[in-house]
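Only one structure is covered here, and it is reproduced in the block below.
The values are calculated or read from the model by the stated rules, or taken from the named source; none is laboratory data. Everything numeric in this text was worked out from a predicted model, so none of it was measured. Cβ: placed from backbone, ideal geometry, glycine included. Neighbour counts: every protein chain shown.
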Amino acid sequence: MALLLTSILIVDDDTGVRNMLSLVLNDAGYLVESVENGKKAVKACEKSPFEVALIDIELPDMKGTELLNRLRQMQPKMIRIIITGHPSIESAMRAVNERADGYVLKPFEVTELLGMISRLLTEKTNEYLRISAEVTHAKENTPVIKYQHPDQW
């Protein structure tokens with residue numbers, strides 16, 4: 001199930017893929033924006049944050065793996081998933097090297113894609129909650145030392 005107001009950016013030069021993904025993801029309760037190339041994806045990410053990006057590996061203006069790297073720098077917490085109709089060992093390795101969170105082959109099973117997105121969002125949320133709990137625990141268990149004369153070091 002989608003998290004409340006989870007936004008997803010679709011980056012694919014195939015209009016049919018963008019439209020199909022937009023329809024499926026909107027029906028699943030996600031906010032969706034779609035663009036056809038890397039430059040427009042960068043502009044969209046400059047305007048607003050996205051929790052998830054689905055990125056075609058073959059874009060007309062740049063490689064999807066290059067866009068992965070740029071989006072990671074712009075929005076480090078974003079979940080980035082490569083989608084490709086031309087799978088290869090090389091493209092999979094590049095996606096892994098650029099720290100893609102997922103790699104999906106076209107044509108994809110909608111239920112599998114939705115499951116992957118949901119799982120990755122849950123993992124991200126759980127990691128945030130774990131870190132938040134650790135910070136709270138550290139704050140509560142760290143002694144505070146007050147100096148009587150801080151000007152006398």
*Can you work out which of the residues in region 19-38 that are among the charged types (D, E, K, R) and over 17 Å from the mean Cα position of the chain (by Cα) is modelled with the highest pLDDT?*
E36
*Test I89 against the criterion of being more than 16 Å from C45 (Cβ to Cβ) and at pLDDT 90 or above, and give yes or no.*
no
*Every residue from region 132-153 that is modelled with pLDDT under 85, surrounded by 10 or more Cβ atoms within 10 Å (Cβ to Cβ) and of a type outside the set (S, T, N, Q)*: H137
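Is there a residue being modelled with pLDDT under 85 and either surrounded by 11 or more Cβ atoms within 10 Å (Cβ to Cβ) or not charged (D, E, K, R) (or both) anywhere in region 108-117?
The answer is yes; a qualifying residue exists.
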